[in-house]
1. Name the residue that is nearest to residue 63 (Cα to Cα), counting only residues in region 18-47 that are more than 10 Å from the chain's Cα centre (by Cα) and surrounded by 15 or more Cβ atoms within 10 Å (Cβ to Cβ).
2. Looking at this structure, is residue 15 over 19 Å from residue 91 (Cα atoms) and surrounded by fewer than 20 Cβ atoms within 10 Å (Cβ to Cβ)?
3. Which pairs have Cβ atoms under 8 Å, sit 6 or more apart or on different chains, and link a residue in region 21-32 that is over 9 Å from residue 87 (Cβ atoms) and touching a residue at least 40 places away in the same chain (Cβ under 8 Å) to one that is surrounded by 19 or more Cβ atoms within 10 Å (Cβ to Cβ) and of a type outside the set (S, T, N, Q)?
4. Kindly indicate whether any position in region 38-61 is of a type in the set (Phe, Trp, Tyr) and touching a strand residue (DSSP E or B) at 6+ places or on another chain (Cβ under 7 Å).
5. In region 39-56, how many residues are more than 17 Å from residue 85 (Cβ to Cβ) and in contact (Cβ under 8 Å) with a residue 12 or more places away in the chain?
6. Just to be sure, is residue 57 touching a Lys or Arg at 6+ places or on another chain (Cβ under 6 Å) and either among the hydrophobic types (A, V, I, L, M, F, W, C) or at pLDDT 95 or above (or both)?
Amino acid sequence: MNTRVHIIVSGIVQGVFFRANSRNQAQMLGVKGWVRNTHDGTVEITAEGDKEKVERLITWCHKGPPGAVVNDVVAKWDDYKGEFKDFSVRY
């Protein structure tokens, strides 16, 4: 079953390669969508794909890459739209 989720990751998550590593993780899982840094210091992710794989991406977000200190992960589920061809870093 395909699903969509919007994720906000807070803590020390900018300047630690969180975006690049989340893109790599998503590509490895076959999840599509995007990741970007926000002005308030969080990382924002929109991801679509198989529910189990999207859940694995969320689980990864709770730890993040080496150097990250994740304080919170908020995931809001939504209906699958199938609008992405890959997983990209947005600036």
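The values are calculated or read from the model by the stated rules, or taken from the named source; none is laboratory data. Worth saying up front: this structure is predicted, and the values here are computed from it rather than measured. Note that each Cβ is placed from the backbone with ideal geometry, even for glycine, and that neighbours are counted across all protein chains shown.
1. 42
2. Working: over 19 Å from residue 91 (Cα atoms): no; surrounded by fewer than 20 Cβ atoms within 10 Å (Cβ to Cβ): yes.
So residue 15 fails the test.
3. Here the result reads 21/64, each pair linking region 21-32 to a residue that is surrounded by 19 or more Cβ atoms within 10 Å (Cβ to Cβ) and of a type outside the set (S, T, N, Q).
4. Step one: filter region 38-61 for residues of a type in the set (Phe, Trp, Tyr), giving 60.
From what's left, touching a strand residue (DSSP E or B) at 6+ places or on another chain (Cβ under 7 Å): none.
Among the residues of region 38-61, not one is of a type in the set (Phe, Trp, Tyr) and touching a strand residue (DSSP E or B) at 6+ places or on another chain (Cβ under 7 Å), which makes the answer no.
5. 6
6. No, not satisfied.
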